[in-house]
Every structure is written in C-alpha cells, then in structure tokens.
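Only one structure is covered here, and it is reproduced in the block below.
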Amino acid sequence: MLSKVISAIEKYEMFRYNTDVAVALSGGADSVALLSALFELKDKYGLTLSAIHVNHRLRGEESDRDEAFAVKLCESLDIPLTVKRIDVKGEAEKTGESIELAARNLRYEVFRSEAVGLVATAHTASDNIETALFNMTRGSGLKGMAGIPPKRDIFVRPLIFCTRDEIEAYLSEKKTDFVTDSSNLTDDYTRNFLRHEVVPRLKKINPSVEKRVSEMCRTLREDDDFLTSTAKKIYTLCLKNGKLDAELLSVQHPAIIKRVISVYLFEQYGLTVDLLHLEACLDILKKGGKTELHSGYSAVNEKGAFGILSKDEKKPEVEFLLEIEEIDLKNTKINNLLLKNAIDCGKINGSPIRRTRLPSDSIKLRGRNCTKSLKKLFNEAKISGEIREKLPILADDCGVVWVYKFGVSERVAVDGDTEKALIIKVKEISKN
C-alpha cells in the first residue's frame, strides 16, 4: 500500500518539502491508515503532521468512542490533534440539507478553519468508484464521472490509488487498531448500497474494477480540465456588459457553449443548473427567446445578447455612498450594532482604499471561523450579478478589510485594546 501512496503523492505533486499537513482523522480504517502511512513518510517529504477529528454527534456513545480513540492514537504518535464537535442535525434542520450533506459541509468548514497548511483526507480508489457510480445514476456530466480529484485547493488524497482491501491488509500487517462506524454497515444510505451490493457484483465481472475505474476517472478529469479551461477563455471573450455575445458564442461546439453558460450563471448570479436547463439555454442561444431556470430567474436572448432576468425585480440601478468617520475609543464606547462596520485603525496595513471585488478576493469575517471567497459569500447570500459588481469594499495592502452587507475582517476588528476606529456608514441611492 505504501508504494501506491508514494506513487499518488509524486504523480500529483501533493507535497512540497517541509509542508504542514493536517490529517482528517475519523478513527476509521482509511483515516488511520492514512495517518500511519504519512507518519512513515514524514521524514522522506519533510512533513509536519497534525490531525483534526470532527465529532458529528450523530451516534451518541459511539461518536464519543471514536473521539477518544483519535485522541489516544495521536498521543501514542505524539501528533497534535484538534477535536471539534458539530451539531449536524441542527444545521440540517436549519438549512434543509440532508444529514450527509450538512455533515460534509460542516466538516470541511472545520478543516479549512483549523488547518495551517494542507489537509489530507482518506479518500480511496474504493470511494472513487462509489462516487463515480453515484454521480452516473444522477445523470452527471464529465466532472461528476471523473470521481474524486486527487488534489484540489488545500485538500490532498494520498490514498486515492489504494483499495479498501489493501488498506485493511496494511493495518493488519502493522497490527494497528481502528474503529468501525456502525452506519457504514447498513444499506440505509445510497453509498452504502453501492458499496455492499453494486461494487461486489462489478468485481465478479472484473476483479480489478477499482483500478480500471480510477484510470477512467483520470482520463475524464483531463478531458474535463481541458474543456473547462477552454470554456473560461471563451467566456472572457464573450462577456460584454454583463451579458454573453450570443452570436460569438453560438458558433462554438455545444460542449463548450454549455460550459460557458455554466460559468456565466455561477460567476454572475451564483446559479448552478442541471443538464435540462443547459439544453434549454443552448436552444434559445441559437433561436432567441426566453426560458425559465429556477429561483425566480429566466435566461433571455434578445438582440444578440444572452442574459439573466429575475421575475421578482427590475434590474437595480443603485449607487453606494460611503461615509467614514474616525472616532477615539479611549473616551467613547462603541455601540455593539456598529461593530460589524468598525475597523481598528492600528491594524490597517498601509492606506485603505475603496474598490469593488476582484476575482481573488476573500475575507475571514469577524466572529466566524473560516475564510471564504467573496464570490462564495455573494453566492450564498444570492446577491445578483448586477449588485455584486457594485458593492463597495475597503482593502488595505494585505487584502479585503470590509465588505458592505457582510462586515469587517477578523484581522482588523476592534477589540479591548483599540484606541481609534473607522466607522463606516453606507447610503444606497436608487437611480431607477
């Protein structure tokens, strides 16, 4: 197994020498094998290892058992461990997400907020085939069929070439214990059904099916990367005044057109649509007209311009006027309601400037535990493409310090030691 881990690390250039790597440690066989393998390889790659355990509080005493196991294992290896407990059920009820999706989203928020460098997750070749099959049953395109990416953002998957059988053999050889999640032993969830029923039958057709599907996923991922990068270049060429040049775009290959439309919908409006809606957009791109999307949006092709309309509101024409006042906090107590828009003058790097968002902008908002891109914040808040390009932002030499409607960065937030603060007030002037 270790040779496959080395092969994955080097093929996808997962680590630079002297890298901080936090292992996502559930206590199950896969994550324990990952921690053990990286512990063996830490000198080879100069890794500084730590671990993060997320207690989802879904299985009562069993969840606490897993946490205790992770603590004991890390103590035995002298590896720093961060433990976080999250309320998955409460989040799922609040957002309407499934338990599985809420757990994943919360878990990855913890990883992003707690990790110093990279995060290694224990996804395997067996997970990869289950993901590809699951996405196939939902009618996925190339991206979904390409399975789990070995490396993306701060996340790396050194076990991506290893099967579950190989991992269990590795742990058995090392006489290393692990815990078993009882929910993985049932067929209650779709993935478990694929794991226990579908994959074993595919192995009867081809015992090496996990390896072959991994190879297929790698090829599909390369194809999808090429098509997506091409689409983004064409998107840049076609985007004019917030709309797509229908004439220029319509002569492209349908595979490129649909990707360009997907990029446009997400970048400008935070929308993701299924294949059926993309086909409808493709149709009006060539013939003209209008088609309904979802969330109150419609796609319209008028006078050679492809754009998006909301049925609930007219296109906003708004101007934002900023009033910035410097106050002395030595003799003034700041109202808690103003903290969202208060910046500690002593924490600003250089001179703050007003501007609108840039593609690379991100912020760690005051009182939150994670850094998010402005694009993601705007998408989550469902801020329209027209407005998000006008929202005022303050930035210093180190990046964004304040965003209208969202607040101030943790980096420059006022605290008990603040002497002088900038208080920002905004007036919205409608031009309709």
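The values are calculated or read from the model by the stated rules, or taken from the named source; none is laboratory data. Computed from a predicted structure; not experimentally measured. Every residue, glycine among them, receives a Cβ derived from its backbone with ideal geometry; neighbour counts consider all protein chains shown. All accessible areas refer to the heavy atoms of the entire protein, side chains included, with ligands and DNA or RNA removed. Shrake-Rupley method; radii C 1.70, N 1.55, O 1.52, S 1.80 Å.
Quick look at the numbers
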read-out	value
Output for region 130-141, where each listed residue is in contact with a helix residue (DSSP H, G or I) (Cβ under 8 Å, 6 or more places away or on another chain) and assigned to a loop (DSSP other than H, G, I, E, B)	Arg138, Gly139, Gly141
Count of residues meeting criterion [free of Cβ contacts under 8 Å to residues at least 24 places away in the same chain, within 24 Å of Cys162 (Cβ to Cβ) and surrounded by 13 or more Cβ atoms within 10 Å (Cβ to Cβ)] in region 219-249	1
Strands (runs of 3 or more DSSP E) lying entirely in region 387-432 (those with 2 or more residues that are in contact with a helix residue (DSSP H, G or I) (Cβ under 6 Å, 6 or more places away or on another chain))	420-430
Members of region 358-386 that are without any contact (Cβ under 8 Å) to a residue 40 or more places away in the chain and either assigned to a loop (DSSP other than H, G, I, E, B) or open to solvent by 60 Å² or more (accessible area, probe 1.4 Å) (or both)	Leu358, Pro359, Ser360, Asp361, Lys376, Ala381
Odd one out for His277, checked against (1) at pLDDT below 90; (2) open to solvent by less than 20 Å² (accessible area, probe 1.4 Å)	(2)
Within region 109-129, considering residues that are small (Gly, Ala, Ser) and open to solvent by 10 Å² or more (accessible area, probe 1.4 Å), the one farthest from Ile167 (Cα to Cα)	Ser113
Test: residue in region 100-108 that is hydrophobic (A, V, I, L, M, F, W, C), open to solvent by 50 Å² or more (accessible area, probe 1.4 Å), assigned to a helix (DSSP H, G or I) and more than 18 Å from Ala33 (Cα to Cα)	yes
Of residues in region 192-212 being open to solvent by less than 80 Å² (accessible area, probe 1.4 Å), assigned to a helix (DSSP H, G or I) and not hydrophobic (A, V, I, L, M, F, W, C), the one modelled with the lowest pLDDT	Asn192
Odd one out for Glu62 among (1) surrounded by fewer than 19 Cβ atoms within 10 Å (Cβ to Cβ); (2) in contact with a Lys or Arg (Cβ under 9 Å, 6 or more places away or on another chain); (3) farther than 22 Å from Pro158 by Cα; (4) in contact (Cβ under 8 Å) with a residue 24 or more places away in the chain	(2)
Residue in region 25-43 that is among the hydroxyl-bearing types (Ser, Thr, Tyr) and open to solvent by less than 30 Å² (accessible area, probe 1.4 Å) present	yes
Residues satisfying the stated conditions in region 407-416, i.e. in contact (Cβ under 8 Å) with a residue 60 or more places away in the chain and surrounded by fewer than 21 Cβ atoms within 10 Å (Cβ to Cβ)	Gly407, Arg411, Asp415
Leu278 being among the hydrophobic types (A, V, I, L, M, F, W, C), closer than 17 Å to Gly242 by Cβ and under 28 Å from the mean Cα position of the chain (by Cα)	no
Count of residues meeting criterion [farther than 15 Å from Lys287 by Cβ and either of a type in the set (Phe, Trp, Tyr) or part of a helix (DSSP H, G or I) (or both)] in region 233-260	12
So Pro149, is it open to solvent by 10 Å² or more (accessible area, probe 1.4 Å) and either within 19 Å of the chain's Cα centre (by Cα) or modelled with pLDDT of 90 or more (or both)	yes
Restricting region 111-129 to residues that are part of a helix (DSSP H, G or I) and at pLDDT 90 or above, the residue that is nearest to the chain's Cα centre (by Cα)	Phe111
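Residues are listed down the side, and each one gets a yes or a no for (1) free of Cβ contacts under 8 Å to residues at least 24 places away in the same chain; (2) of a type in the set (S, T, N, Q):
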| position | (1), (2) |
| --- | --- |
| Thr124 | no, yes |
| Ser140 | yes, yes |
| Gly144 | yes, no |
| Arg152 | yes, no |
| Phe155 | no, no |
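Residue by residue, here is whether (1) surrounded by 15 or more Cβ atoms within 10 Å (Cβ to Cβ); (2) over 22 Å from the mean Cα position of the chain (by Cα) holds:
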position: Thr131; (1), (2): yes, no
position: Phe134; (1), (2): yes, no
position: Phe155; (1), (2): yes, no
position: Thr163; (1), (2): yes, yes
position: Tyr170; (1), (2): yes, yes
position: Lys175; (1), (2): no, yes
